[in-house]
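Novice: Got a structure here, written out as structure tokens. Questions coming.
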Amino acid sequence: MRVISGTAKGRSLKAVPGTSTRPTTDKVKEAIFSMIGPYFDGGQVLDLFAGTGGLGIEALSRGMDKAVFIDIEKKSIDTIGHNVEIARLKDQVEIYRTDAARALKVLAKRAEKFQLVFLDPPYRMKGIAELMMTMEEQAIVEPDATIVVEHDAKDVLLETIGSFKQLRRADYGDTAVTIFKRDNASIEHSN
């Protein structure tokens, strides 16, 4: 695993020890960033179920201003810390060891707003739509936010979740990536 492009291009990232996490392959990472736009002009990224932190680190390397990494596993938190150090991005990150639901509550209390969210939960977890609705209800996503969900290819996600519309789905073996974009028109109608 490595950083593919941007300021930290070419730096090798460490995998989380053991088999409890499934890091996003370079091929899938490359595909994700070609789908959501290769570079960014600032903004905040949330990497929920961050694992190695590879997706959030890639987004920072490609121009995001700040990343918040959340994972419940201590091994993952240690790995993320190592990887942001290697990528020389430590000053742009916050790393928290907690579960996703608690993290979203804390981020909402702090009035954080994210332009880009990576959701890569364990494949056995089935609460993706609920997490996305919570983000919307807690107002932690920007009006034009993008959510990238990495999930089991057998799972089919809804076309619309709250104000998020599915833009695209791509399958890579047993992994699928589904991209959602917040629909400003549906937000304005609900106000």
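Novice: Please give the number of the condition Phe69 fails out of (1) closer than 21 Å to Val149 by Cβ; (2) touching a residue at least 60 places away in the same chain (Cβ under 8 Å).
Specialist: (2)
Novice: Please count how many residues of region 60-91 are open to solvent by 20 Å² or more (accessible area, probe 1.4 Å) and either charged (D, E, K, R) or outside any helix (DSSP H, G or I) (or both).
Specialist: Step one: of region 60-91, the residues open to solvent by 20 Å² or more (accessible area, probe 1.4 Å) are 63, 65-66, 72-75, 77-78, 81-82, 85-86, 88, 90-91.
Those still in the list that are either charged (D, E, K, R) or outside any helix (DSSP H, G or I) (or both) too: 63, 65-66, 72-75, 78, 85, 88, 90-91.
Here the count works out to 12.
Novice: OK, next. So, in region 103-118, exactly how many residues are assigned to a strand (DSSP E or B) and either of a type outside the set (Phe, Trp, Tyr) or open to solvent by 70 Å² or more (accessible area, probe 1.4 Å) (or both)? Full working, then the answer.
Specialist: Let us first name the residues in region 103-118 that are assigned to a strand (DSSP E or B), namely 114-118.
Okay, now just the ones that are also either of a type outside the set (Phe, Trp, Tyr) or open to solvent by 70 Å² or more (accessible area, probe 1.4 Å) (or both), so 115-117.
The qualifying residues number 3.
Novice: Just to be sure before I move on: is Asp99 surrounded by fewer than 16 Cβ atoms within 10 Å (Cβ to Cβ) and over 27 Å from Arg124 (Cα atoms) in the structure I sent?
Specialist: No.
Novice: Kindly provide the set of residues from region 132-158 that are assigned to a helix (DSSP H, G or I) and either more than 21 Å from Lys66 (Cα to Cα) or out of contact with any strand residue (DSSP E or B) (no Cβ under 9 Å at 6 or more places or on another chain) (or both), ordered by number.
Specialist: Selection gives Met133, Thr134, Glu137.
Novice: Considering only region 164-183, I want to know if a residue exists there that is at pLDDT below 90 and touching a Ser or Thr at 6+ places or on another chain (Cβ under 7 Å).
Specialist: For region 164-183, residues at pLDDT below 90 and touching a Ser or Thr at 6+ places or on another chain (Cβ under 7 Å): present.
Novice: Return only the number of the condition from (1) assigned to a loop (DSSP other than H, G, I, E, B); (2) open to solvent by 10 Å² or more (accessible area, probe 1.4 Å) that Pro121 does not satisfy.
Specialist: (2)
Novice: If you don't mind, another one. What's the number of the condition Thr25 fails, among (1) without any contact (Cβ under 8 Å) to a residue 60 or more places away in the chain; (2) of a type in the set (Val, Ile, Thr); (3) surrounded by fewer than 16 Cβ atoms within 10 Å (Cβ to Cβ)?
Specialist: (1)
Novice: Restricting to region 28-59, name every residue that is open to solvent by less than 20 Å² (accessible area, probe 1.4 Å), within 18 Å of Pro122 (Cβ to Cβ) and not hydroxyl-bearing (Ser, Thr, Tyr).
Specialist: Val28, Leu46, Asp47, Leu48, Ala50, Gly51, Gly53, Gly54, Leu55, Gly56
Novice: Let me ask you something else. Could you say whether any residue in region 92-102 is in a helix (DSSP H, G or I), among the polar types (S, T, N, Q), at pLDDT below 95 and in contact with a strand residue (DSSP E or B) (Cβ under 9 Å, 6 or more places away or on another chain)?
Specialist: Checked against the condition, which is being in a helix (DSSP H, G or I), among the polar types (S, T, N, Q), at pLDDT below 95 and in contact with a strand residue (DSSP E or B) (Cβ under 9 Å, 6 or more places away or on another chain), region 92-102 yields no hits at all.
The values are calculated or read from the model by the stated rules, or taken from the named source; none is laboratory data. Treat the numbers as computed from the prediction; the structure is a model and nothing was measured. As a convention, Cβ positions derive from the backbone with ideal geometry for all residues, glycine included, and neighbour counts pool all protein chains shown. Each accessible area value is taken on the protein alone, full model and side chains, heavy atoms only, with ligands, DNA and RNA left out. Shrake-Rupley method; radii C 1.70, N 1.55, O 1.52, S 1.80 Å.
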